[in-house]
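The values are calculated or read from the model by the stated rules, or taken from the named source; none is laboratory data. Because the structure is a prediction, the values reported are computed rather than measured. Reconstructed Cβ throughout: ideal geometry from the backbone, glycine too, with neighbour counts over all protein chains shown. Surface accessibility is based on the protein's heavy atoms, side chains included, excluding ligands, DNA and RNA. Shrake-Rupley method; radii C 1.70, N 1.55, O 1.52, S 1.80 Å.
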Amino acid sequence: MSKLRIIMKFKRLFASGLALLLTSACASTQPYGQSPGVEVTDLTSLPAPHDAFKIRVMPGEKLTVNVLNSEPLSGEFMVDEEGNLLLPLAGSVHAAGETTTTVSAKIRDALAGRYVRDPQVTVLTSEENIPVYSIGGQVVKPGTYPANIPLTLSKAINQAGGLDKYAKKNEVLVIRNVDDKRYIGVFNIAAIQRGNYVDPIIYPNDIITVGDSAASRRLDKILQFIPLLSYSVILLDRVTN
């Protein structure tokens, strides 16, 4: 068999293999949201949780209480198993399930008039109680990140170092629980970044998963053969001239 025929046969086999790889990549999309009790929705109907950014005090949590100009009444105090906070002079204050603003007001009311004329009280939660969101899949730095202030999906991905080279941009999932029901929102981050869709808000306890592009992985493997293919084309030109 002549060198020309061998090269042309190689090119046909390579082209056939390339087409097969790309076809299989397109057909390899995995379904999602098939578990019972899960509803798949789009960005326009993914519901927002109620009072998502309000931090609630938990039993067993350590709180920092500061009463202005009253050092003996200030300090770190533990919320007991029943959700109560035992404080000097103010006594027992129920805190579990309340926001720090509400707990501050309860302590102020307990101290006002009897012990402090006009108490100024602030309450801070421990770092362990800061709300977070989780992000995984094809991002540079998957993990858990603070969500104590509103942020968008794009910013959440940026916090995780951005998308990696194999990210499937049209398959970014946001899993969210609202009123004891689980939702999965499906987003196209490339379209969002182009301004074609609104950049949705990410809430505490959201789970973001960036899909894996099988086509990109296959393409990387195919590109390994490009130097060999280029050499074959040059050689073919030499033979035919």
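Couple of notes before you dig in:
- Complete set of residues in region 164-183 that are surrounded by fewer than 20 Cβ atoms within 10 Å (Cβ to Cβ) and of a type outside the set (D, E, K, R): 166, 170, 173, 175, 177, 178, 183
- For region 184-241, the candidate set comprises residues that are at pLDDT 85 or above and among the small types (Gly, Ala, Ser); within that set, the residue that is surrounded by the most Cβ atoms within 10 Å (Cβ to Cβ) is 185.
- Residue among 113, 143, 137 that alone is in contact (Cβ under 8 Å) with a residue 60 or more places away in the chain and open to solvent by less than 90 Å² (accessible area, probe 1.4 Å): 137
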